[in-house]
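The values are calculated or read from the model by the stated rules, or taken from the named source; none is laboratory data. Everything numeric in this text was worked out from a predicted model, so none of it was measured. As a convention, Cβ positions derive from the backbone with ideal geometry for all residues, glycine included, and neighbour counts pool all protein chains shown. When the accessible area is computed, the model is the full protein with side chains, heavy atoms only, and any ligands, DNA or RNA have been set aside. Shrake-Rupley method; radii C 1.70, N 1.55, O 1.52, S 1.80 Å.
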Amino acid sequence: MKRYKRIFVIVLDSLGVGAMPDAPEYGDAGVDTFGHILRAVGPLSIPHLQKLGMLNLHPCPQLGPVPAPAGRFMRMAEASRSKDTMTGHWEMMGLKVEKPFKTFTEHGFPPELIAELEKRCGKRVIGNKSESGTKILDELGEEEIRDGSMIVYTSADSVLQIAGNEETFDLAELYRCCEIARELTMRDEWKVGRVIARPYVGKKKGQFVRTSNRRDYALKPFGRTAMNVLRDAGLDVIAVGKIHDIFSGEGITRSLHSDSSVHGMEQTCGLCREDFRGLCFTNLVDFDALWGHRRDPAGYAGEIERFDAGLGRLMELMREDDLVILTADHGNDPTYTGTDHTREYVPFIAWSPSMESGGALPDADTFAVIGATVTDNFGLELPEGTIGTSRLPELL
């Protein structure tokens with residue numbers, strides 16, 4: 001059986017393709033990120049996604065399928081009981097999260113945690129609630145700049161976020177405070193999946209803009225993943241975007257920071273021009289951070305079109321022994337209520353220049369088919385305690 005020399009796994013962060021059966025348990029009945037964007041915005045210019053079978057996987061009245069899709073495609077359900085970024089990515093690489101990470105959406109973080117954070121950082125905390133990152137800057141940015149305080153907030157995800165103005169807070173100081181917060185939130189009663197530094201620039205309300213100097217301080221995976229197996233075998237495991245942060249560097253041989261999703265695709269294309277053997281794992285966060293959470297279907301639609309253009313450039317560069325897998329880590333329906341992720345199926349769309357034909361595959365009951373397929377391709381086995389069954393024979 002032939003094998004691929006390089007596999008590119010690209011995560012279109014939050015591009016779900018319809019509600020999972022248990023979505024109502026998460027307050028997400030009827031969600032559909034991709035479908036509702038098309039319904040709200042209309043036909044998109046996405047010829048490469050169409051060619052690979054995105055509209056065959058998810059038919060929409062606004063945009064039709066192609067008669068002979070070039071890619072092989074299916075839906076994947078999430079086996080873990082969650083809908084957050086870290087859980088989705090960890091599951092792709094074989095880890096099933098049985099117990100969701102703690103969230104502090106309803107009342108903010110406990111007074112004891114805030115008091116300890118203030119003491120250790122030497123700054124007064126303001127905010128301490130669940131809020132959109134852009135809204136909380138408009139609400140509290142001027143106060144933070146004026147008083148030297150520290151904006152702490154969360155979301156429906158398991159995160160503690162600290163926003164600081166790059167010009168007055170200083171990036172190094174922001175990162176120091178986040179490292180303290182990460183240390184504190186390792187305690188079981190306060191444990192969150194990620195602490196995120198959210199630097200921004202601007203002088204007053206309406207002018208604040210978050211920068212690309214974001215930094216995530218995530219928990220280490222609780223077990224070995226497909227990435228560890230690849231790295232231990234001497235293969236390349238290249239992380240693009242926030243993959244390094246999501247896995248705390250575990251199982252990664254090289255990491256590239258992205259300024260945007262467009263930049264992330266440019267970096268992925270640059271890596272395609274290089275010579276390596278193994279996995280390139282890319283996260284494109286703007287779909288989620290800029291458009292999904294902000295409930296902006298038009299902005300999300302534009303991001304999909306920009307991605308499609310980058311996908312076309314990548315496809316031109318790919319070699320006969322390359323494979324690309326397009327997927328997502330959860331949904332984030334920009335037409336839905338609130339600002340939270342949504343519990344959805346995600347796409348699995350695979351293509352190689354060497355494929356003779358495409359078509360539909362049976363749906364998968366876990367995202368972990370990705371890690372299982374990648375390790376199988378290189379003649380390796382997943383670590384003990386992981387989940388996932390390879391679909392490699394269907395991709396050759």
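Total residues in the stretch 165-199 satisfying the condition of being in contact (Cβ under 8 Å) with a residue 60 or more places away in the chain and part of a loop (DSSP other than H, G, I, E, B): the figure is 4. Of all the numbered requirements in (1) of a type outside the set (D, E); (2) farther than 30 Å from V209 by Cα; (3) outside any helix (DSSP H, G or I); (4) open to solvent by 10 Å² or more (accessible area, probe 1.4 Å), M315 misses one, and that requirement is (3). Among the residues of the stretch 267-284, those identified as buried (at least 24 other Cβ atoms within 10 Å of the Cβ) and not in a helix (DSSP H, G or I) are L279, C280, F281, T282, N283, L284. In summary, strands (runs of 3 or more DSSP E) completely within the stretch 200-256 and bearing 3 or more residues that are at pLDDT 90 or above occur at 236-240, 254-256.
Residue-level check: of (1) under 19 Å from the mean Cα position of the chain (by Cα); (2) open to solvent by less than 40 Å² (accessible area, probe 1.4 Å); (3) of a type outside the set (F, W, Y); (4) closer than 23 Å to V97 by Cβ, E250 misses just (2).
Scan the stretch 340-357 and give yes if some residue there is free of Cβ contacts under 8 Å to residues at least 24 places away in the same chain and part of a helix (DSSP H, G or I), otherwise no. Steps first, answer last, please.
Of the stretch 340-357, the ones free of Cβ contacts under 8 Å to residues at least 24 places away in the same chain are 356.
Next, only the ones that are part of a helix (DSSP H, G or I) stay: none.
Looking for residues that are free of Cβ contacts under 8 Å to residues at least 24 places away in the same chain and part of a helix (DSSP H, G or I), one finds none in the stretch 340-357, hence no.
There is at least one residue in the stretch 366-375 that is under 24 Å from the mean Cα position of the chain (by Cα), under 26 Å from K242 (Cβ atoms) and surrounded by fewer than 22 Cβ atoms within 10 Å (Cβ to Cβ). Look at S390 and say whether it is among the polar types (S, T, N, Q), surrounded by fewer than 20 Cβ atoms within 10 Å (Cβ to Cβ) and more than 19 Å from G94 (Cβ to Cβ). The answer is no for S390. Taking the conditions (1) buried (at least 16 other Cβ atoms within 10 Å of the Cβ); (2) touching a residue at least 40 places away in the same chain (Cβ under 8 Å); (3) out of contact with any Ser or Thr (no Cβ under 9 Å at 6 or more places or on another chain) in turn, G299 satisfies each one other than (2).
A quick yes/no check of all residues on (1) over 14 Å from T342 (Cα atoms); (2) out of contact with any Pro (no Cβ under 8 Å at 6 or more places or on another chain); (3) surrounded by fewer than 21 Cβ atoms within 10 Å (Cβ to Cβ):
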{"site": "Y4", "(1), (2), (3)": "yes, yes, no"}
{"site": "P21", "(1), (2), (3)": "no, yes, yes"}
{"site": "H36", "(1), (2), (3)": "no, no, no"}
{"site": "A40", "(1), (2), (3)": "yes, no, yes"}
{"site": "G53", "(1), (2), (3)": "yes, no, no"}
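Only residues that are in contact (Cβ under 8 Å) with a residue 24 or more places away in the chain and either out of contact with any helix residue (DSSP H, G or I) (no Cβ under 8 Å at 6 or more places or on another chain) or among the aromatic types (F, W, Y) (or both) were counted across the stretch 39-51, and they come to 1.
Of all residues in the stretch 1-27, those being over 29 Å from M227 (Cβ atoms) and not in a helix (DSSP H, G or I) number 3.
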